[in-house]
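These notes concern the structure reproduced below.
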Amino acid sequence: MRRGIIFTIDALLALLFSASFVTLLYQNSLPVEDIYRDFSLYAYSSDFLTVLDKGGYLNELADKDIRNTMKLMPYTPDPYCFYVRVEDSEGKKVATVHKPTCSGSRKNIDVYVRRLFVYNGETYLAELGSWYKTNEEAGD
Amino acid sequence: MQCQPSNRAQPSDAKAGAYATRKRGQMFAMDLIVAILLLLAILMLVLSVQGDVMGREGLASLRVDMAHEAQGAAQRLLYAPAQPTDWPRRNISLLQSPNIISSPGVLDWEKAKALSNSSYNDTREALGVSSQIYVRIMQFNSSQVYLSFGQQPPATSTLYRVERPILINGTVGRVVIEVWRELG
């Protein structure tokens, strides 16, 4: 009878701890992330490059003038990081602009958007790379 | 003749037997009480976690619904061709998709103003939103609002926000779409 008592309490305690552990694991594994996370970054990046193109900013970058594009970068949504790079038809870099609070490391890039444009009879390639700000970048 | 052991207690053992029975009964009762307490604890834990999980799943599901609606509204406003094509001259209640662009990435003020002057329910229906919606056309580098329509979300609401850059009269601006619901 005594063995029976000990076994019962032991088993119930084990069940209690197991149930607590499993429920904690289950709670932490619940999906709470934004299902449009990647799409939002892509859509914003694509529109941003369109606006830079139609607003004449890419032409300025082709002229190696980065000032106006640089002014826009800090006002993009906080979790996003960007760089814009313009190359000439021979693949030589003409201008690059990074969002100031981001590291500009190419390792973390989630989305690339590219666009060809013509300026003063020359063809250029604009590439916009974007990624979500990392914890290190958020702490800058 | 072989003698069989008797299960019946002998009169001389009656006192000891009664004591042993009481002791066993007492121990069993303690065991039962402890077991019931532990089972109740487990039951309360399970019910509490179940309630929490269902609440979180409900909120997550609500956020997914709002995300669908907000992204759909952004699609209709900024990318999809207007249906019918003579919008905004057509009554908004007949609209399937009231975009506010003249070309991709460029705001059409006439369309934006027509949409802001339409009734709230017609706008929601045209944008395919069953939740509440608030749309702002803003300066890019400040919080200055050029034009807004819909209902502003209260602080207690849960909302999903979509932001897109757009050209407004040649300068960079942004469109902020907030789909929201009041909780509780």
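Values quoted throughout were computed directly from the atomic coordinates according to the rules given, and no laboratory measurement underlies them. Because the structure is a prediction, the values reported are computed rather than measured. Neighbour counts run over all protein chains shown; Cβ positions are idealised from the backbone, glycine included.
Here are some notes:
- Computed over the stretch B:32-159, the alpha-carbon pair-distance distribution with 5 angstrom bins reads 2, 9, 15, 17, 14, 10, 6, 5, 4, 4, 4, 3, 3, 2, 1, 0, each value a whole percent.
- Shielding by partners, peptide A:116-126 (average Cβ within 10 angstrom, other chains): 0
- Fewest-first ordering of B:E178, B:E110 by other beta carbons within 10 Å of each residue's beta carbon gives B:E110, B:E178.
- Estimated translational D of the stretch A:57-107 in µm²/s (Stokes, Kirkwood radius over Cα pairs; 20 °C; 1.002 mPa s): 186 µm²/s
- Compared with the alpha-carbon gap, the fully stretched path from B:L47 to B:V64 is longer by 3.6 nm at 0.36 nm per residue.
- Kirkwood-based shape ratio for the stretch B:98-184, expressed as Rg/Rh from alpha carbons: 0.97
- Residue exposure sequence - B:W87, B:W109 - by fewest surrounding Cβ within 10 Å: B:W109, B:W87
- Ordering A:Y112, A:Y42 by the number of other Cβ atoms within 10 Å of each residue's own Cβ, fewest first, gives A:Y112, A:Y42.
- Size of the stretch A:37-138: Rg and Dmax of its alpha carbons, in Å, are 13.0, 43.
- Placing +1 on the Cβ of every Lys and Arg and -1 on the Cβ of every Asp and Glu, with no other charges, gives the stretch B:118-176 a dipole of roughly 160 debye about its Cα centre.
- Computed over all pairs of different Cα atoms, the Kirkwood value for the hydrodynamic radius of the stretch B:56-129 is 12.8 Å.
- Residue-averaged beta-carbon neighbours from other chains (10 angstrom radius) around B:33-44: 3
- Distance in nm between pseudo-label sites at A:N120 and A:N135 (7 Å out along the Cβ direction from Cα): 4.7 nm
- Take each residue in A:39-50, count the other chain C-beta atoms within 10 Å of its C-beta, and the mean is 5.
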